[in-house]
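The values are calculated or read from the model by the stated rules, or taken from the named source; none is laboratory data. A quick note: this is a predicted structure, and the numbers were derived from the prediction, not measured. Because the Cβ atoms are built from the backbone with ideal geometry, glycine has one as well, and the counts that use them run over all protein chains shown.
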Amino acid sequence: MVINRVGPLSSAKVIGLLYAILGLAMGAIISLISASGGFAHAGPGTPLFGIAAVVFIPIAYGVMGFVMTVILAALYNGLAKLVGGVEIDVT
């Protein structure tokens with residue numbers, strides 16, 4: 001089996017969601033560090049930093065994962081036409 005084309009939008013939706021989940025995990029870790037006083041040198045408003053991390057990091061990761069996957073899938077499709085795609089042996 002040879003993969004000649006990847007659907008940019010369908011793959012970008014899946015990868016964007018996976019990156020958002022990864023961002024949620026990273027935001028949770030940053031939030032826990034913030035809540036424990038790990039960012040005490042940041043000054044007042046540190047709890048807001050932890051809450052913002054849980055909200056904004058997943059959004060940023062998801063959007064960047066989506067955009068980069070659309071770009072890379074389109075690039076793959078162009079290159080696959082030149083070299084014939086990726087051969088995969090499925091048994």
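From the list Leu22, Leu75, the one residue that fits, being within 10 Å of the chain's Cα centre (by Cα) and modelled with pLDDT of 95 or more, is Leu22. In segment 69-91, which residue that is outside any helix (DSSP H, G or I) and in contact (Cβ under 8 Å) with a residue 12 or more places away in the chain is surrounded by the most Cβ atoms within 10 Å (Cβ to Cβ)? Selected residue: Gly85. When segment 72-91 is filtered for residues that are out of contact with any helix residue (DSSP H, G or I) (no Cβ under 9 Å at 6 or more places or on another chain) and hydrophobic (A, V, I, L, M, F, W, C), the ones remaining, listed by number, are Leu75, Leu79, Ala80, Leu82, Val83, Ile88, Val90.
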